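*Asks:* Okay, here's the structure, questions in a sec.
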Amino acid sequence: MTLIRADLDALPAYVPGRAVPGAVKLASNEVPLPPPASVLAAVAEAAAGGNRYPDLAVTTLTERLARELDLPPERVAVGCGSVSLCQQLVNITCLGPADEVVYAWRSFEAYPIVTQVGGATSRPIPLTDDFRHDLDAMAAAVGPATRLIMVCSPNNPTGTVVTRAELERFLAAVGPDVVVALDEAYYEYVTADDAVDGRDLVDAYPNLVVLRTFSKAYRLAGLRVGYAFGAPEVVAALRKVGSPFAVSVVAQAGAMAALEVKEELLASVPGVVSERDRVRDALLGLGYVVPPTQSNFVWLALGERTAAFAAHHMDHKVIVRPFAADGVRVTVSSPEENDLLLAAAASFVAN
Ligand SMILES: *Cc1c(COP(=O)(O)O)cnc(C)c1O
C-alpha cells in the first residue's frame with residue numbers, strides 16, 4: 001500500500017522559469033514591466049475587501065470579456081490562469097485512462113501534466129521538421145478514444161502558428177464529437193494575416209473552445225487570470241469543474257482595470273514584434289536554427305547543445321529556458337536585454 005497514487009511518481013513537475021538576482025530573466029515569456037498604475041490601484045482597492053469571498057461566477061469580468069468578444073456571457077468562462085482551464089478541459093472530457101488527449105509535441109509543457117493529473121492518456125504527435133503542428137498526423141491519430149485535442153497557436157515553445165485554412169481543414173477532418181481547444185496565449189503578438197483567430201471560428205464549430213490569458217501581453221502573470229470562449233454547453237461544463245472561488249478579488253479587479261487601459265498595455269506589442277525579427281535575424285546570422293515566430297519568444301533548435309547553451313547563458317547572467325535535448329526558448333524583451341542575449345549567443349558560437 002502507498003499513500004499516494006502510484007502514477008504520480010512518473011509525473012513531470014512543471015518547471016518554472018528561474019529567477020536569479022542580478023540576472024536578466026528571459027525564461028517565462030513575461031513582459032519586463034510592472035502593471036500600469038491604474039491596475040495597481042484597482043488591485044490595492046480590491047485587496048482592501050479581501051475579507052470577503054470573490055464573486056464566484058466572476059460576473060462583471062465575464063460580461064466585460066463577452067462584450068470585448070461580441071459573445072453572450074454564457075459563452076465565456078474565466079479561470080485561475082488558462083493553465084487551470086486546460087485542467088478543466090481534461091476534467092470535462094475525460095473519465096479515465098481509456099480517454100485520450102491529442103496534442104502536438106513539443107508544445108506547452110502543461111498539456112502532458114494536466115492530462116495525467118486528470119487520469120487520461122496522452123497522445124503526443126511530433127511537430128513537423130519546420131517546428132509546426134502536424135495537423136494531418138494529429139487528425140490521423142484521432143479515434144474513438146480521443147476526447148480532447150489541444151492546438152497551440154502560436155506554439156509554445158517554437159513560436160509557429162496554425163493558419164486559419166489549416167485549422168478549418170483539421171476541424172472538418174476531426175468532426176463534431178471531439179473537443180478541440182485552441183490555446184491562444186500569445187494571441188496579441190500575432191501579426192500574420194493568415195494565422196488562425198479562434199474568434200472567427202467558434203460560431204461555426206461548437207466543439208471548438210479558445211483559451212486566452214492576461215498573463216502575457218496584459219502583464220498580469222502573477223495575478224492568474226485566463227479565459228475560455230466557445231459553445232454554451234462547453235463553457236457551462238468548464239464552470240462546473242472549476243475550483244470554487246479560484247479567481248480572486250484581486251485577479252478579477254486587476255483584469256477589469258487592465259481592460260480599461262488595453263491600448264496602453266498593447267502599445268508595447270509593436271516593439272516586441274520588431275525586436276523578435278531583429279533577434280531572430282541576428283541568431284540566424286550566427287548560424288542558429290530559429291523558426292519564424294509570431295510570439296514574444298524565439299526557439300533555438302539546439303538539440304544536444306541545449307544544456308551547454310543554457311549554462312553558458314547563465315554564466316553571462318542571461319536566464320533562458322532549456323527543454324531537454326530539443327532546444328531553448330528565449331523571451332523577446334527590451335532592446336537592451338535582447339542585446340545581452342545576442343552577445344552571449346555570439347560568444348557561445350565562438351567557443
Ligand atoms: C503562458 C501560457 C499560458 C498562460 O497560462 P496562464 O495560466 O494563463 O498564466 C497558456 N498556454 C500557453 C501555451 C502558454 O505559453
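The values are calculated or read from the model by the stated rules, or taken from the named source; none is laboratory data. Bear in mind the structure is a predicted one, so any value in this text is a computation, not a measurement. Every residue, glycine among them, receives a Cβ derived from its backbone with ideal geometry; neighbour counts consider all protein chains shown. The protein model used for the area step is the full one, side chains on, heavy atoms only, and it has no ligands, DNA or RNA in it. Shrake-Rupley method; radii C 1.70, N 1.55, O 1.52, S 1.80 Å.
*Asks:* When a/c reaches 1.5 or more, the comparison of a/b and b/c decides; with that in mind, is region 1-91 rounded, prolate or oblate per its Cα gyration tensor?
*Replies:* Values: a/c = 1.83, a/b = 1.22, b/c = 1.50.
Oblate is the answer for region 1-91, as a/c is 1.5 or above yet b/c matches or exceeds a/b.
*Asks:* To continue, here is another question. In what order, largest first, do 317, 240 sit by accessible area if the probe radius is 1.4 Å?
*Replies:* On the way: 317 110, 240 175 Å².
Result, largest first: 240, 317.
*Asks:* In what sequence, highest mean first, do 244-257, 44-57 appear when ranked by Cβ atoms within 10 angstrom?
*Replies:* Working: 244-257: 20.7, 44-57: 12.0.
Put in order of decreasing packing, that is 244-257, 44-57.
*Asks:* Something else now. Which order do the peptides 259-269, 137-147 take when ranked by the mean count of other beta-carbon atoms within 10 Å per residue, highest first?
*Replies:* Values: 259-269: 14.4, 137-147: 16.5.
Averaged packing, sorted descending, gives the order 137-147, 259-269.
*Asks:* Could you please tell me the mean projected area of the C-alpha convex hull for region 220-351, averaged over all directions and given in square nanometres to one decimal?
*Replies:* Values: hull surface 43.3 nm².
Averaging across all directions leaves 10.8 nm² for the Cα convex hull.
*Asks:* Provide the per residue accessible area, probe 1.4 Å, for the chain, rounded to a whole number of square angstrom. Show your work: numbers first, answer last.
*Replies:* Values: 15320 Å² over 351 residues.
For the chain, the solvent-accessible area averages 44 Å² per residue.
*Asks:* Rounded, prolate or oblate: which fits region 276-351 when a ≥ b ≥ c are the square roots of the eigenvalues of the alpha-carbon gyration tensor, with rounded for a/c under 1.5 and prolate only if a/b beats b/c?
*Replies:* Details: a/c = 1.37, a/b = 1.14, b/c = 1.19.
Rounded is the answer for region 276-351, as its axis ratio a/c remains below 1.5.
*Asks:* Tell me the volume per residue, in Å³, of the convex hull enclosing the alpha carbons of region 88-149.
*Replies:* Enclosed volume per residue, from the Cα hull, is 66 Å³.
*Asks:* Just to be sure I understand: of the beta bridges DSSP finds with both ends in the chain, what percent are antiparallel, rounded to 5? Write down the numbers at each step before the final one.
*Replies:* On the way: 16 of 37 bridges.
So the antiparallel bridges amount to about 45 percent of the total.
*Asks:* Hey, can you grab everything whose amide H is under 5 Å from the amide H of residue 122? Only 5+ residues off in sequence or another chain; H modelled, so Pro and N-termini drop out.
*Replies:* Residues meeting the amide H criterion: 101.
*Asks:* Given 0.36 nm per residue, what is the gain on full extension from residue 136 to residue 346 after removing their alpha carbon distance, in nm?
*Replies:* Values: separation 210, 0.36 × 210 = 75.60 nm, distance 3.74 nm.
So the chain would gain 71.9 nm between residue 136 and residue 346.
*Asks:* Ok, one more. Just how many % of Cα pairs in region 20-70 lie over 13 Å apart, if you round to the nearest whole percent? Kindly include the intermediate steps, with their values, before the conclusion.
*Replies:* Values: 962 of 1275 pairs.
The proportion of pairs with Cα distances above 13 Å equals 75 percent.
*Asks:* Taking all pairs of distinct Cα atoms, average 1/r, flip it, and tell me the Kirkwood hydrodynamic radius of the chain in Å to one decimal place. Kindly include the intermediate steps, with their values, before the conclusion.
*Replies:* Numbers: mean 1/r = 0.0477 Å⁻¹.
Result for the chain stands at 21.0 Å.
*Asks:* How much of the accessible area of region 199-341, probe 1.4 Å, is carbon plus sulfur, in whole percent? Mind showing how you got there, number by number?
*Replies:* On the way: 3170 of 5510 Å².
Answer for region 199-341: carbon and sulfur cover 58 percent of the accessible area.
*Asks:* Estimate the FRET efficiency between residue 284 and residue 98 by the formula 1/(1 + (r/R0)^6), using the beta-carbon distance for r and 51 Å for R0, to the nearest 0.05. Numbers along the way, then the final one.
*Replies:* Numbers: r = 45 Å, r/R0 = 0.89.
The calculated FRET efficiency here is 0.70.
*Asks:* Sort the following peptides by mean Cβ neighbour count (other Cβ atoms within 10 Å, averaged over residues), highest first: 330-337, 286-293, 85-92. Don't skip to the end; give the middle numbers.
*Replies:* Details: 330-337: 20.2, 286-293: 17.5, 85-92: 24.4.
Ranked from most to least packed, the peptides come out as 85-92, 330-337, 286-293.
*Asks:* Next up: Pulled fully out, how much extra length does the chain show between residue 109 and residue 204, if you take 0.36 nm times their separation in residues and subtract their Cα-Cα distance? Provide the component values of the computation, followed by the final result.
*Replies:* Values: separation 95, 0.36 × 95 = 34.20 nm, distance 2.93 nm.
Between residue 109 and residue 204, full extension yields 31.3 nm more.
*Asks:* A further question on this structure: Between residue 37 and residue 311, what is the label-point separation in nm under the 7 Å Cα-to-beta-carbon projection?
*Replies:* 4.7
*Asks:* Same structure again: Which shape class, rounded, prolate or oblate, goes with region 161-253 when its Cα gyration tensor gives a ≥ b ≥ c as root eigenvalues, a/c under 1.5 marks rounded, and past that a/b bigger than b/c marks prolate?
*Replies:* Details: a/c = 3.18, a/b = 1.34, b/c = 2.38.
Oblate, since a/c reaches 1.5 and b/c is not below a/b.
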